[in-house]
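Below: one structure, written as structure tokens.
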Amino acid sequence: MKLLDIDREAFAAGFGRAAFPLQHRLAGDSLFSLERLVALSRALPADKVEYNAGDLPISVDPATTPHRLAQAGVEHHFCSAHCRQAFVDSSAQASATR
């Protein structure tokens with residue numbers, strides 16, 4: 001099953017420079033559930049995990065953001081206090097459902 005539909009020309013022209021259309025069928029896949037993604041992030045070396053809510057431009061170094069959270073030995077970087085709190089809330093919700 002094909003999970004991504006990407007226009008190759010638009011991707012080549014826009015990647016890292018401009019937006020381009022992308023369609024996917026990832027949302028329904030269990031590998032992309034919050035629980036599975038959190039488990040994956042915990043299994044990876046801490047220096048290889050970065051939480052980015054998508055609000056940071058590519059050129060911004062996450063280590064320079066003031067919104068941080070250390071959790072289970074992993075330091076997470078956020079674009080804003082709002083994104084940090086959303087992560088805390090979703091983590092608490094995921095823990096409560098286990």
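Worth a mention:
- Here Thr97 does not fit the description of being under 25 Å from Gly16 (Cβ atoms) and either at pLDDT below 75 or surrounded by 12 or more Cβ atoms within 10 Å (Cβ to Cβ) (or both).
- Residue that is farthest from the chain's Cα centre (by Cα) [pool: residues in segment 62-94 that are of a type in the set (S, T, N, Q) and modelled with pLDDT of 80 or more]: Gln85
- Flag if Ala46 is among the aliphatic types (A, V, I, L, M) and either at pLDDT 80 or above or in contact with a Lys or Arg (Cβ under 8 Å, 6 or more places away or on another chain) (or both): no
- Among the residues of segment 1-15, just one is part of a helix (DSSP H, G or I) and among the basic types (Lys, Arg), namely Arg8.
The values are calculated or read from the model by the stated rules, or taken from the named source; none is laboratory data. Please read all numbers here as calculations on a predicted model, not as lab measurements. With ideal geometry, Cβ positions are generated from the backbone for all residues, glycine too; neighbour counts draw on all protein chains shown.
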